[in-house]
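The values are calculated or read from the model by the stated rules, or taken from the named source; none is laboratory data. Note that the structure is a prediction, hence the values are computed from the model and not measured. A quick note on method: Cβ atoms are made from the backbone with ideal geometry, for glycine too, and the neighbour counts reach across all protein chains shown.
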Amino acid sequence: MQQLKVSFYLLGDRRKASSRVRGFWIAEELRKFGMKCSIIDGEERVSFLRCLIKLPWCDTLFIQKRYSRWDFYIMQVARFLGKRTVFDMDDAYSSVKSPTTLFNIQRIMKKASAVTVGSRNLLEFAKQYQVNSIFLPTSIKLENYDLPAVQSQKGKACLGWIGNGAHYYKDLIKILKEPLTEIASRHKIRLKLVGACGQKELYQEFSNIPGLDTIFIDEIDWADPSEVSAAMLDFDIGLYPVQATDFNSYKCGFKALEYMAMGIPVVASPVGANAYVVEHGKDGYHADGIDAWIDALTVLISDNAMRKEMGQAGRHKVETHYNIRESARKLTEIIFNLKN
């Protein structure tokens with residue numbers, strides 16, 4: 001098999017989840033297959049110049065979630081030089097539906113050899129502009145997520161959330177405050193928010209709910225896989241509340257997959273990829289509305305055996321269907337099937 005030389009032109013460094021998962025992790029797997037990979041990230045204009053310099057070296061350029069006019073110029077140059085090009089996205093193109101961003105992304109996708117996307121809804125979007133659009137699910141690097149052997153704090157189940165509180169505090173408050181207030185009046189529970197980012201609204205809304213013991217962790221080193229998994233070690237139930245917005249409908253379910261990889265049952269809003277990633281009643285529950293959240297959480301809080309069974313099912317699903325090694329194999333096939 002021909003040895004590939006792939007340049008990954010990424011939106012962010014390892015601290016950014018999408019770049020870590022769909023860039024760094026896949027590149028690491030490709031290297032295990034004997035391929036040569038380079039990583040380019042950082043400030044826009046500097047990374048643009050670095051990418052130009054690297055283009056003659058590679059035979060394939062992988063552009064991850066970069067939508068500026070500079071990125072379109074890179075795509076043009078790469079195609080002019082006869083390079084295979086893959087454009088990758090795992091989110092809606094803009095939370096504010098920027099017409100400039102949409103214009104750029106349309107041009108980039110049309111110019112690419114192929115487009116890879118992390119959700120079915122994104123696939124429908126991408127196929128409008130690039131017929132060679134392919135579903136490449138967001139996946140998990142399993143060795144970063146060892147199954148914990150942890151017992152809950154006696155008498156208290158830990159309901160955990162991990163993410164960017166600065167971006168999702170409105171979702172957390174709107175969806176979780178009322179159900180948690182009701183549940184805390186009947187059950188001893190803890191709420192642990194990892195990535196609260198010092199968001200004052202989160203502290204205000206979740207600090208004073210009677211019966212709820214809330215732990216806020218503002219920041220961790222997202223680039224360190226041991227810190228990410230350690231932050232979830234005491235989770236008994238993983239929370240994934242997102243509002244049903246156009247932007248969230250393109251989400252790829254990574255948070256649910258992280259919980260599953262840790263053997264943690266998930267309660268999630270059935271928005272975007274969550275509706276597919278989480279199988280209702282098997283590895284977690286879909287919760288749409290206050291009563292559904294109360295019911296799902298109450299069942300899991302009260303039943304340790306069910307939590308364990310669902311957690312094991314979730315881990316098996318990740319091992320089987322959302323393993324980063326398999327995503328890397330699929331990307332390899334995609335690249336080899338492209339024409340220069």
Query raised in the report: Has the stretch 203-216 got at least one residue that is β-branched (Val, Ile, Thr) and touching a residue at least 60 places away in the same chain (Cβ under 8 Å)?
Result: no
Report summary line: Only one of Leu239, Leu202, Leu191, Leu233 is of a type in the set (A, V, I, L, M, F, W, C) and either within 28 Å of Glu28 (Cβ to Cβ) or out of contact with any helix residue (DSSP H, G or I) (no Cβ under 8 Å at 6 or more places or on another chain) (or both), namely Leu233
Query raised in the report: Which condition number does Asp213 fail, the rest of (1) surrounded by 16 or more Cβ atoms within 10 Å (Cβ to Cβ); (2) among the charged types (D, E, K, R); (3) not in a loop (DSSP other than H, G, I, E, B) being met?
Result: (1)
Query raised in the report: So which residues in the stretch 243-256 are surrounded by fewer than 23 Cβ atoms within 10 Å (Cβ to Cβ) and aliphatic (A, V, I, L, M), if there are any at all?
Result: Ala244
Requested in this report: Within the stretch 297-320, work out how many residues are among the aliphatic types (A, V, I, L, M) and within 18 Å of Phe254 (Cβ to Cβ).
Outcome: 1
Query raised in the report: So which residues in the stretch 46-78 are out of contact with any helix residue (DSSP H, G or I) (no Cβ under 7 Å at 6 or more places or on another chain) and more than 19 Å from Val117 (Cβ to Cβ)?
Result: Val46, Ser47, Leu49, Arg50, Ile53, Lys54, Pro56, Trp57, Cys58, Asp59, Tyr73, Ala78
Report task. Please verify whether the stretch 37-45 includes one or more residues that are within 26 Å of Asn323 (Cα to Cα), without any contact (Cβ under 8 Å) to a residue 24 or more places away in the chain and either within 22 Å of the chain's Cα centre (by Cα) or not assigned by TED's automatic domain parsing to the domain that holds Thr101 (or both). Result -> no
Requested in this report: Inspect all residues belonging to the stretch 120-129 and state whether any of them is modelled with pLDDT of 95 or more, in contact with an Asp or Glu (Cβ under 8 Å, 6 or more places away or on another chain) and not assigned by TED's automatic domain parsing to the domain that holds Val228.
Outcome: yes
Requested in this report: Tally the residues that are exposed (fewer than 15 other Cβ atoms within 10 Å of the Cβ), modelled with pLDDT of 95 or more and not in a helix (DSSP H, G or I), restricting the search to the stretch 79-95.
Outcome: 2
Query raised in the report: Would you pick out the residues in the stretch 300-340 that are farther than 30 Å from Asn132 by Cβ, surrounded by 15 or more Cβ atoms within 10 Å (Cβ to Cβ), in contact with a helix residue (DSSP H, G or I) (Cβ under 8 Å, 6 or more places away or on another chain) and of a type in the set (A, V, I, L, M)?
Result: Leu300, Ile301, Met310
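If a residue must be buried (at least 24 other Cβ atoms within 10 Å of the Cβ) and of a type outside the set (D, E, K, R), how many such residues does the stretch 275-284 contain?
3
Go through the stretch 1-78 and tell me which strands (runs of 3 or more DSSP E), entirely inside it, have 3 or more residues that are touching a strand residue (DSSP E or B) at 6+ places or on another chain (Cβ under 8 Å), of a type in the set (D, E, K, R) and surrounded by 18 or more Cβ atoms within 10 Å (Cβ to Cβ).
none
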Query raised in the report: Which of the following residues is in contact with a Phe, Trp or Tyr (Cβ under 8 Å, 6 or more places away or on another chain) and of a type in the set (Asp, Glu): Glu227, Glu258, Glu219?
Result: Glu258
Report summary line: Residues in the stretch 116-128 that are within 19 Å of Phe247 (Cβ to Cβ) and touching a residue at least 24 places away in the same chain (Cβ under 8 Å) total 8
Query raised in the report: Any idea which of Ala273, Ala256 is of a type in the set (Gly, Ala, Ser), within 21 Å of Leu297 (Cβ to Cβ) and under 13 Å from the mean Cα position of the chain (by Cα)?
Result: Ala256
Query - Tabulated pairs, the stretch 58-73, first in the same structural domain as Ser47 (by TED's automatic domain parsing) and touching a residue at least 24 places away in the same chain (Cβ under 8 Å), second part of a loop (DSSP other than H, G, I, E, B) and of a type in the set (Asp, Glu), C-beta under 8 angstrom, 6+ apart or interchain - result: Lys65/Asp90; Lys65/Asp91
Query raised in the report: When the stretch 264-320 is examined, which residues are found to be closer than 26 Å to Ala92 by Cβ and of a type in the set (S, T, N, Q)?
Result: Ser269, Asn274
